[in-house]
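Working notes, structure below.
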Amino acid sequence: MVKNHSNRNKDLTTLFIGLLLLILLNFIASFAFERFDLTTEKRYSLAKASKDLARNLDDIVYVKVYLEGDFPASYKKLRDETQEMLDEFRAYANDNLDYEFINPAESGDEKITNEIYQQLFKQGLRPTDLSEKTTDGYSNKLIWPGAIFFYKGKEIPVQLLKSTIGGSAETMVNNSIEGLEYEIANAIYNLTTEEKPKIAFIEGHGELNKHEVASISTLLAEFYTIDRLALNEELHSLTERTIIDTTKSFVVKPKYNAIVIAKPSERFSEKDKFIIDQYIMYGGKVIWLIDPVFASMDSLQNSDVTMAIPLDLNLDDQLFTYGVRINTNLIQDLQSAPVPVVTGNIGNQPKTELFPWYFFPLLTPANSHPIVNNLNMVKGEFTSTIDTINKKDIHKTGLLKSSQYTKISSAPTRVSLSILRYEPDQKQFNKGHQIAAVLLEGTFESVFKNRVPPQISASNEIAFKEKSVLNSMVVIADGDIAKNAVNKKTNEFMALGIDRYTKQQYGNADFLLNVVNYLCDENGLMSVRAKKFKIRMLDQTVVKAEKFKWQLINTVLPVGLIIVFGFAHYLDRKKKYTKM
């Protein structure tokens, strides 16, 4: 009896100590918040920039996610990963982030469902068609793999599924999962930023007009203030100067976070070059979309042959000083977008077929840099190559490249549709991958160093600067990457990157958005796009060969183990109680 009482006291003491430790741990945890990520790739560890965004929320961000319903397992994986990523943000947001998952087809009423679909389309989401062939024909199913973020009366649509030409559903879903943190963080950043950064499209040198860049301008306008600006050789067009009374010197600041020079066709004056140069020296970012060769499909509408002629834009020395040379040549690539060609007549109607047009290369990411990580193919039109120049203070990163089956034609050269009549000789397409877009980062030297007269170099108001602050720019050897198709009669435009003949969506818009976001990124958010998750897919050959074996292991073995355990337990009890 005494022994039982002693055991009881001991148990109560252990219970009391355990409860005390539990209370103490919860008390400590209320002051020391920490989350542990045990995955190999740290896929649930948010970047510092993402954590800061979540912590600094001063009102609720509400997210409606339309990834709910009956769809394949790969899309359910994207749904689950999206929920887990939102949970991770919510853990740092101090109750200022909430979400719900919605099935837009839940009502079952076709009319109501179509109305919801139309509303989602107007809000900026795009559906994915999961049509499948069945014994009765085709089953049509649309899913809306996207979300809409709401904050203080504002909203932003986010497409969660990133398409990849030629990619399997599993690959696209994995790429989309890799980009989830960035997409969520970027949406929060753009919703909560009160003063939008400013972007200017430069005019006055034959650049693409407002209708030809309407698509990318519209997309950028969600996150940036967009202007169109003619330099007109005015010193103050890109920078503002404030005089300091005590020293009579001037403080120079860029007016714009970045400028876009989109496919100029006329020479830049030295004064305009000087204005751009000094804008760069004081920290302004530039996106150069340059065609060094003039070639146009319009010229081929009435003739099978046209000439591609070098353009003199008077920019070669400036770009060379910054670290690149755009070559006066054209890329021909077997991996290319198609164009329609008349191949005969059916009755009195011309018969047209689509053929790959080697002068329209489909450019792919040159590496996994945040600008191009998991990017869809970018459609080029009469694209040229870029060489980098050895500059010790400039770091160069290739962004877009042609395929390994590339041919180079130096301008002037003939461009003829007749090449489509013959099977291409692959031996001629042997120049390998060619770089068509480059990121330059570092301190740039002014192209006007040792070239300006003393009255300019010594002027307080001009405040000539020979070397830039730490800066960056992107040079693209194809102005048409930013050009959308336009109806010349109505000025209606197609979305950038959509092929007018195949309706295929290319990655032009995403690429340019990423470029601008990277150059204007002040909080390190773009580094999140570099995340890579290893896709762990089953070897289908092994699965097919060993399918029956693993079915047996997973069905018979567990049942067999339970039976063996039960029989052993029965024998043990029988032996034990037989002795008694």
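Bear in mind that the values in this text are calculations on the coordinates, not laboratory data. No experiment lies behind these values; they were computed from the predicted model shown. All Cβ positions, glycine included, derive from the backbone under ideal geometry; neighbour counts span all protein chains shown.
Some observations on this one:
- Estimated translational D of segment 419-464 in µm²/s (Stokes, Kirkwood radius over Cα pairs; 4 °C; 1.567 mPa s): 80 µm²/s
- Among beta bridges that DSSP assigns inside segment 197-506, antiparallel share in %, nearest 5: 75 percent
- ³J(HN,Hα) computed for each position of segment 101-117 - Karplus, 6.51 cos²θ - 1.76 cosθ + 1.60, integer Hz, glycine/proline x: 9, 10, 9, x, 9, 5, 4, x, 8, 4, 5, 5, 4, 5, 5, 5, 4
- Calculated over segment 255-365, the projected area of the Cα convex hull averaged across directions stands at 9.9 nm².
- A DSSP coil position with no more than 12 other Cβ atoms inside 10 Å describes none of the trypsin sites (Lys or Arg not before Pro) in segment 401-439.
- Fewest-first ranking of 388, 490, using other Cβ atoms within 10 Å as the exposure measure: 490, 388
- Taking every DSSP helix (H) stretch of at least 4 residues in the chain, weighting each as -39,500 (n - 2.57) and dividing the sum by the residue count yields a mean residue ellipticity at 222 nm of -10000 deg cm²/dmol.
- Of the GluC sites (Glu not before Pro) found in segment 138-214, those in coil by DSSP whose Cβ has at most 16 other Cβ atoms within 10 Å are 194, 195.
- Computed over segment 197-506, Cα set: Rg, Dmax in Å: 21.2, 85
- Residue exposure sequence - 184, 394, 177 - by fewest surrounding Cβ within 10 Å: 394, 177, 184
- From the C-alpha gyration tensor of segment 352-404, square roots of 5λ in Å: 27, 15, 7
- Members of 48/154; 111/196; 431/483; 48/76; 263/391; 154/465 lying beyond 32 Å, as alpha-carbon distances in this model show: 111/196; 154/465
- One way to sum up the overall shape of segment 48-190 is the equivalent ellipsoid from its Cα gyration tensor, whose semi-axes run 28, 18, 12 Å, largest first.
- One equal scatterer on each Cα of segment 383-485, no solvent, Debye formula: the resulting log10 I(q)/I(0) at q = 0.19 Å⁻¹ is -1.07.
- Placing unit charges on each Cβ (+1 for Lys and Arg, -1 for Asp and Glu) gives the chain a dipole about its Cα centre, and among 148, 383, 124 the Cα reaching farthest toward its positive end belongs to 148.
- The per residue volume of the convex hull around the alpha-carbon atoms of segment 172-219 is 121 Å³.
- Note on the chain: with charges restricted to the Cβ of Lys and Arg (+1) and Asp and Glu (-1), its dipole about the Cα centre is near 2340 debye.
- Taking every DSSP bridge with both residues inside the chain, close to 75 percent are antiparallel.
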